[in-house]
2 protein chains.
Amino acid sequence: MIWENIAPGVWKGTVGEAEEYNLLTAAAAKPNLPAISRLGQAPFPVEKTEIKAKLLDGKTYLQFPLEREEQVFGFGLNFKTIHQRGRIMRLHVDHYGGQDNGRTHAPVPFYVTSNGYGVFINSSRYLDVYAGSGSRLDSENPAEAMDRNTNPDWTASPYSDAVEILVPAKGVEVYVFAGPSMLEAVQRFNLFNGGGPIPPRWGLGFTQRVHRLFDQDQVLAEVNEFEEKGYPLDFIGLEPGWQSKSYPNTFAWDESRFPDPEKLIQKLKEKHISLNLWINPYVSPEASFYEKLKPYYGSHTVWAGAVPDLSIPEAQKIYWETFRKDHVLPGVGGYKIDEVDGYDRWLWPDVAQFPSGLAAEQLRQTYGLLVQKQSSELFREQNRRTYGLVRASNGGGVSFPYVIYNDYYDHKDFITALINSGFSGLLWTPEARASKTAEEWLRRFQTVVFSPMAMINAWASGTKPWSYPEVAEEIKEMALLRMKMMPYWYSSFALYHFKGIPPFRAMQLEKGFSIKTEKQTNATSTLEENPYNEAIKKEINDQYMAGPSLLVAPIFAGEEVRKVVLPKGKWYDFYTGKYVGDGEVITINARLDQIPVFVKDGGIVPLMEPMLHAPGKNQLYDLKILHYGESPGQFPLYDDDGISYDYENGHYSWRDINVIKESNGKWKGTISTVGAQKPNNVGKVTWVFMSEKEGQNPLK
Amino acid sequence: MIWENIAPGVWKGTVGEAEEYNLLTAAAAKPNLPAISRLGQAPFPVEKTEIKAKLLDGKTYLQFPLEREEQVFGFGLNFKTIHQRGRIMRLHVDHYGGQDNGRTHAPVPFYVTSNGYGVFINSSRYLDVYAGSGSRLDSENPAEAMDRNTNPDWTASPYSDAVEILVPAKGVEVYVFAGPSMLEAVQRFNLFNGGGPIPPRWGLGFTQRVHRLFDQDQVLAEVNEFEEKGYPLDFIGLEPGWQSKSYPNTFAWDESRFPDPEKLIQKLKEKHISLNLWINPYVSPEASFYEKLKPYYGSHTVWAGAVPDLSIPEAQKIYWETFRKDHVLPGVGGYKIDEVDGYDRWLWPDVAQFPSGLAAEQLRQTYGLLVQKQSSELFREQNRRTYGLVRASNGGGVSFPYVIYNDYYDHKDFITALINSGFSGLLWTPEARASKTAEEWLRRFQTVVFSPMAMINAWASGTKPWSYPEVAEEIKEMALLRMKMMPYWYSSFALYHFKGIPPFRAMQLEKGFSIKTEKQTNATSTLEENPYNEAIKKEINDQYMAGPSLLVAPIFAGEEVRKVVLPKGKWYDFYTGKYVGDGEVITINARLDQIPVFVKDGGIVPLMEPMLHAPGKNQLYDLKILHYGESPGQFPLYDDDGISYDYENGHYSWRDINVIKESNGKWKGTISTVGAQKPNNVGKVTWVFMSEKEGQNPLK
C-alpha cells in the first residue's frame, strides 16, 4: 500500500488499480482542507506495516490491526449494535431487515476505534467486513486451542486481532483519519467529506406528512389546523398522489388533486410553510421525458419504471429538468426520495446492466448519493438551501442536506440508529408515525424533538400531534421546546459543517466517556466496585449527545425508571439545573411530560421565544441564554440568513457566549458583537444561571 | 454460449473461461453415461437463443427463459419453500439461518422447471440467483406500469420472465438436462453426477447417537439396552469425546474413555452394530500430523484449529492417513462430519487464503464435497460401503453416501427440506432429537422412519426410543416397520443409484401431479369447482413420495386432521388397502400410532420379517409382498451383498415382481429368478393382495 499524507492527520493509501468510480467521486465530495488543518498535525495512528493489502482472485484483501482492548464503532446505520468488534457484515445498501449484518440504508465503510483513529474504504462495491472475527494462523496473538470436551473456557468466538475486509475489485483507496480522540477522527472524516450540511432554518422546525391522496385544499386545511391549534409547523410533505401517476412516476402534478400547484406553494409561503414532495426516481412510460431519456436507462425496471443511469451527465441533464422547472423554480422546498435503498426484489438485480458501464452493484451502493447530490444542486442553483428525506446514503455523502428515514419502527432501535449515525457522517430521523398508546406517542415525539428532523410521518396513519388528547398539551410543549431551542440546534449544525462535529452522536465520542477505561480497570473491578466500568462494557445504545452539551436519555413506552451513564465531570438536569452526578451510573424516575436530558458542567443553551415557524430571513429573535453548573461556560453562537448559501462566501457570524463567575461570586454572561456586514438576527439577550434557580424550570 | 451435446438429453454450455475448479471437479463426479442413454434421446428443451450469457465486470451474467405459468424447483436444501419462482438467493454454503435465501447446507445451483428440464451451473462461487424476480426493459413480456395511487391491481412484484444468475467469474459451465418430465430431468442430473449412493444395508437400519463424554462401557451398555428392550439398532454414533482433544481435533482416541477401541469395535460387530465417529475437519496443534501438514493449512483457523487445504492431493494423503489407520482399518463404519457449512463467524472468513491458490469462497462451497469424497474413499479402499452424516454438500455430490443434518429443529421445515432434497440430488434426515411431549416424539419418529436415515440424534438430550413410556410401544412398532420395509428401501436406493430416481421426493415429480394443470384450468376454475387445482397453486410442502409408490403425509404434533393432495390415479391406504381417492384433496383424521401413508394403484411393497439388525452378507430373509388396488403392478426388487462395492462389478440382481389379475378374477404374483452368480438373499415369498383384505392391517 502506498501512503500519501493529503491533509494534516489524513492519509490516503492506494493498493492496486483503484476504481475511478467510488464513493467520493459519486458524491463529488469536496474536502474542507482548511478546517481539517485547524485540527492540527497528528502522527499516523498505527504502524503502517500493520496495515496489509493483497491482490488475489481479482479482489483486494485488506487487514488492519486491533489491540486487545480496542473497540470498533461505525460501519454506517446500524440499528441494534454500537460495538462492532467481532461482527461480520456485508456492506450493502438495502432496507434495514432487522439484523445488523451490513444491509442497511447507509452501510458506510468507515470505522473508528477506541484507539482514536478512523479508516475509510472508498469503494462502491459490496464489501465483506470481518471486524475482528477471523483468527489467523500466523497471528502474533493467535486464538488459543482448547479442548471443548473438558475445558469450560472453550469459546465459539476465539480471539481475533484484525479487521479484515474483502474488496471485490483489483485495487482500492483507503483513507486513515488520525485523532488522537475518536471524535477528532470523526471530525476529520466529516470535514474530508465536506462537513455536515447547515439546514435552512425552517428545516429545524416541525414537519408533518399528509395522506397520499390529499388534494391542495386538504393540504391547506391541514396547515390551517396546525395554526389554529397553536402547534408549530415549518414544512409539509406530499406523498405519491401529488403526481398524475406514481410507482413508476410521471413527476407531473396531478391536475385533479393539484389544479394550481403554484398557487398552493404561494399560499403556503404566506403561511411560512415550505412544501416537500415525495418521489422515487423511477420513470413512468408516461413521464414527459421518458422517450428522451431512453438511451440512459438500465436494463431492468423498478416496479415497471425505468431506472435512469444518473452517473451519466447527459442523463442528469434530461432527468432533472422537470424537477427544476415544475417543482423547484415554483418554490418547492425539498424532496423525500424513496426506494433508493432496497429490497433486492424491488430494485434492479445485480445482473442489471447500465449504459455507463458501471456494475449494478456500484449503482446500488451510490444511487442514494447521486440523487442527493443532484437534487440538492437544483436548490443550490437558486441559492436556496433544502432539507429533505432520503432512504439511502453512503460514505462521501456527509454534506448532503438529507436525513435518512425508513419503514422500520422499533423505538429503541431508532435511537440506536441515531447514535450510530454520528459515527458515519449521517443524519437519521426517529420519526413518529403512529402509536398504540398516548404514552408511546409522547415518548416517540420526545425523541423526535431531540433529533435532526422533527417529523410526524403520518401519511398512512393520519395521526396529528394532537391526536391523543390526553397528551396533546405535552406534545405541544415538546414541539415548542424544539422551536425555543432553535439557536442551539442551528449552532450545533454549524459546528457539524465547520468543524465536523456530529450534532447527534454516541456517548463514546464524549470526553470523560472513554471506552479505554475498560483496559485500565478491567482486571480488578467488579460490578460493586465500579458500576460505571461495568456499564460501558455493555453497549450503551439508548442515550446520546445532542449538540455541544446535552445528554439525552429517552424513556420508552412502558418504562418508568432507567439508568443513565454519566461521563466523568459534573452533570445537571436540563429542566431544573439540579446536580445529578459525575462519572457514574444513575437511576432516574421518568416523568411523562419530560424526556430526561442532562447538561454538562458549564453547559450553555441559547433559547429563543417559541414561534410557530422558524424565523425568516432578517427576522429578529430574542435570546434567553441558560448556563448550567459550577464551571464557566462558553458557546459559539452561529447565525446567517437562514435560507441561502451565502454563508459559503463568508456571510455568517459566530458570536462567543461566555459565562464566568465574577470575584463577587455572581455569574456574568457576555456575548461578543459582530461586524456590520455579518448576519445577526439576535434581538434582546437575557441570562439564566441555572445554579441560582433552585429547581425552577425556565424551559416551560 | 457454446453448446455441446455430451449425452442423450444432456448439454454442456460454456461461456468465457470457465474455472477449472468447480463443483464437478471438486466432487470428482463420474457421469453414468450408459444409464443416461437408457433414458433416451430428447431435444434441447428451450430455444437455445433464449439462454443468454454476457461477460461484464469480471463476471458472467446468465439469463434463462421462463414462460408465464412455469414454476421453478430446486436450488438445494430449502426449508420453507418448494416453489422457487420469484425468489432471490445468494447460493452460499452455510448453516440454515431460518430463511430460504440461499444460505443453506447444500445450496445446489440446479433447478428444474415445470416445463420439464433442468439447469445446473457448475461453479464453486457464491451465485446470485434471481429466479424470476427481475423485470427487463427489453423483455418481450415486460412488467406493466400501473398507477399505484389509483390502481388496486398494482403489485410490488411485477412480472418477470427469466431466471438470471450472476456468476462472479470470467466464465462458467452450464448444463441443461432434458425431460420431458421434471423427474426425468432430475434423473439425468443425478446420473450425470454418478447416481445416488446405495447405502450398506445396515445404513437403512436404526441409529442412535450417545452423549459426547460416554466411555466404551457406556456405549456397550446402551447397545445392550436396545437389544434387551427389543428395539432395532444398526449403528451407533460417538460424539466429540471419543477424541483426546476436540474443537480443534486430534482425531486420536481418548485413552481414558476408550482404552481399547479395537475391542469395542469387535464387540459391537458381534452384536451387528456399526460404529460412527463424529469429527470436524479442523486440526488441533496436538494432532500427531499437525506439523507434517503445516504447508497445507489455510491462513485462518476454525476455533483455533488449522484448516487443511483438502483440494491438494499431498494434503489429502497426510490428512487421511490417521483416519485410515486408527478408524477405518480397525472397523469404524462411518463418520459424522460437522462444521463444514458455517456460520461465517465459525468458519474461515472470505479473506482467508489457501496454499492451493483457491479462494476462500471456493473452498467454502466445496469443503463438504471434499470431505465426503475423500472420507468415503477410505472405505472404498477396503471394499466396504459407508453411510454417514455430513453438514454440507453441493452439486456434484449426488453419489456420496452421506446424509445431511443440522441443528435446526422445526418439524414441518424438516419435511419441506426432505421434499426439496429430492430436487437436488441430496439426502436429508429429519432426525428426532428431543421433544416437549410424547405426541411430538412419536410424530417426529414417524417421519424419521420414512426418511433416508432413521436416526435419534440424542447425544445432548439423552432421549431413547422408549423415553416416553406412553408411546414406547408405538415407537417400537414404527422402528420395526422401518426394518420390515428394508427390501422396499433398499430397492428404492438402488433405483436412485441406477436410474437416478430420488428415494424421497416432491409430489411435483410424481405423474398425475402436474403443476401444469394450473395453466390449463386456471381461467375458469374456482375453489368449489376444482379444489385440487387450488391446492397445487399453493406450495405442497408437507407431503412427499417415498420409494416407487408410497405417498407420505406426516402429522405434526398438535394436529388431528390434515389435507392430502392425491395425484391423479387411484390411491389406497397403506395400512388397510382401502381406497381413499383419485386426483383430489382429501381430509384425513390422524391416528396417533400411524403416519398417514398412501399407495398408488398397483403399488407393490415388499416386506421382510422384522429383525433388530439389518440382514448381513448372505443372510436369508423371507419376503411378504403387498399389492394395492385394482391395477396390475410391478416392482423391481434389488439385491446384492449389502456391504461391498462388488455391485459395481455386476454382483447384484434385479428381480421383477409382477402382480396380475388372472382370468378367474384372482390376483397372482410372480417373482423372477436370478442366475446362480447373482446375489439373492430372499428365502420364502408370500403374497398379500390388499384389495382382498377388507381393512385388515398386515403391517402389524
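The values are calculated or read from the model by the stated rules, or taken from the named source; none is laboratory data. From a predicted model like this one, the values you see are computed outputs, not experimental measurements. Using ideal geometry, Cβ is built from the backbone for each residue, glycine included, and neighbour counts are taken over all protein chains shown. Only protein heavy atoms, including side chains, enter the accessible area calculation; ligands, DNA and RNA are left aside. Shrake-Rupley method; radii C 1.70, N 1.55, O 1.52, S 1.80 Å.
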**B:GLY203 being open to solvent by less than 10 Å² (accessible area, probe 1.4 Å), assigned to a helix (DSSP H, G or I) and within 14 Å of chain A (Cβ to nearest Cβ)** = no
**Asked** Of all residues in segment B:181-200, how many are open to solvent by less than 10 Å² (accessible area, probe 1.4 Å) and not in a loop (DSSP other than H, G, I, E, B)?
**Response** 6
**Asked** Which condition number in (1) without any contact (Cβ under 8 Å) to a residue 60 or more places away in the chain; (2) part of a strand (DSSP E or B); (3) not basic (Lys, Arg) is the one that A:GLU286 fails?
**Response** (2)
**Complete:** Restricted to segment B:299-317 and to residues being within 11 Å of B:PRO281 (Cβ to Cβ) and at the interface with chain A (Cβ under 8 Å from one of its Cβ atoms), the residue surrounded by the fewest Cβ atoms within 10 Å (Cβ to Cβ) is B:ALA306
**Message:** Residues that are closer than 23 Å to B:ALA352 by Cβ and within 14 Å of another protein chain (Cβ to nearest Cβ), at least 1 per element: which strands (runs of 3 or more DSSP E) completely within segment A:30-139 meet that?
**Reply:** A:52-56, A:59-65, A:87-93, A:117-121, A:127-131
**Request:** Find the residue count for segment A:281-295, including only residues that are within 14 Å of chain B (Cβ to nearest Cβ) and surrounded by 23 or more Cβ atoms within 10 Å (Cβ to Cβ).
**Result:** 4
**Prompt:** Name the residues in segment A:265-280 that are out of contact with any helix residue (DSSP H, G or I) (no Cβ under 7 Å at 6 or more places or on another chain) and open to solvent by 30 Å² or more (accessible area, probe 1.4 Å), would you?
**Reply:** A:GLN266, A:LYS269, A:GLU270, A:HIS272
**Prompt:** In this structure, does B:ASP153 turn out to be acidic (Asp, Glu) and away from chain A (no Cβ under 11 Å)?
**Reply:** yes
**Item:** Only one of B:PRO152, B:PRO109, B:PRO158 that is of a type outside the set (Lys, Arg), open to solvent by 40 Å² or more (accessible area, probe 1.4 Å) and on the phi < 0 side of the Ramachandran plot
**Value:** B:PRO152
**Message:** If I ask for residues that are buried (at least 22 other Cβ atoms within 10 Å of the Cβ) and not acidic (Asp, Glu), which ones from segment B:95-106 would you list?
**Reply:** B:TYR96, B:GLY102, B:ARG103, B:THR104, B:HIS105, B:ALA106
**Request:** State the number of residues belonging to segment A:123-142 that are touching a Phe, Trp or Tyr at 6+ places or on another chain (Cβ under 9 Å) and surrounded by fewer than 23 Cβ atoms within 10 Å (Cβ to Cβ).
**Result:** 4
**Complete:** Going through segment B:580-603 in order, the residues found to be part of a strand (DSSP E or B) and in contact with a helix residue (DSSP H, G or I) (Cβ under 9 Å, 6 or more places away or on another chain) are B:VAL585, B:VAL599
**Message:** Tell me whether segment B:435-450 contains one or more residues that are open to solvent by 10 Å² or more (accessible area, probe 1.4 Å) and modelled with pLDDT under 95.
**Reply:** yes
**Asked** Among the residues of segment A:342-379 satisfying the criterion of being among the small types (Gly, Ala, Ser) and assigned to a helix (DSSP H, G or I), which is surrounded by the most Cβ atoms within 10 Å (Cβ to Cβ)?
**Response** A:GLY368
**Prompt:** What about A:ASN224, is it part of a strand (DSSP E or B), within 24 Å of A:MET455 (Cα to Cα) and either in contact (Cβ under 8 Å) with a residue 60 or more places away in the chain or open to solvent by 10 Å² or more (accessible area, probe 1.4 Å) (or both)?
**Reply:** no
**Request:** Among residues belonging to segment A:45-78 that are among the small types (Gly, Ala, Ser) and touching a strand residue (DSSP E or B) at 6+ places or on another chain (Cβ under 8 Å), point out the one that is surrounded by the most Cβ atoms within 10 Å (Cβ to Cβ).
**Result:** A:GLY76
**Residue count, segment B:596-623 (criterion: among the hydrophobic types (A, V, I, L, M, F, W, C) and under 13 Å from B:TYR579 (Cα atoms))** = 3
**Request:** Could you identify the single residue in A:ALA557, A:ALA614 that is out of contact with any strand residue (DSSP E or B) (no Cβ under 6 Å at 6 or more places or on another chain) and not assigned by TED's automatic domain parsing to the domain that holds A:VAL659?
**Result:** A:ALA557
**Message:** I need the full set of residues from segment B:230-264 which are open to solvent by less than 10 Å² (accessible area, probe 1.4 Å), aliphatic (A, V, I, L, M) and either closer than 27 Å to B:LYS373 by Cβ or modelled with pLDDT under 95 (or both), in order please.
**Reply:** B:ILE236, B:LEU238
**Prompt:** In this structure, does A:GLU225 turn out to be among the charged types (D, E, K, R), under 30 Å from A:LEU137 (Cβ atoms), in contact with a Lys or Arg (Cβ under 8 Å, 6 or more places away or on another chain) and away from chain B (no Cβ under 14 Å)?
**Reply:** no
**Request:** Just give me the residues in segment B:23-44 being open to solvent by less than 40 Å² (accessible area, probe 1.4 Å) and over 21 Å from the mean Cα position of the chain (by Cα), in sequence order.
**Result:** B:GLY40, B:ALA42, B:PHE44
**Request:** Pick out the one residue from B:ALA360, B:ALA315 that is closer than 22 Å to B:ALA28 by Cα and under 28 Å from the mean Cα position of the chain (by Cα).
**Result:** B:ALA360
**Request:** Evaluate segment A:382-394: report whether one residue or more is free of Cβ contacts under 8 Å to residues at least 60 places away in the same chain and either in contact with a strand residue (DSSP E or B) (Cβ under 6 Å, 6 or more places away or on another chain) or crowded, with 24+ Cβ neighbours inside 10 Å (or both).
**Result:** yes
**Prompt:** Has segment B:416-432 got at least one residue that is of a type in the set (Phe, Trp, Tyr) and either under 21 Å from B:GLU173 (Cα atoms) or open to solvent by 10 Å² or more (accessible area, probe 1.4 Å) (or both)?
**Reply:** yes
**Asked** Can you pull out the residues in segment B:618-631 that are open to solvent by 20 Å² or more (accessible area, probe 1.4 Å) and out of contact with any Gly (no Cβ under 6 Å at 6 or more places or on another chain)?
**Response** B:ASN618, B:GLN619, B:LYS624, B:GLU630
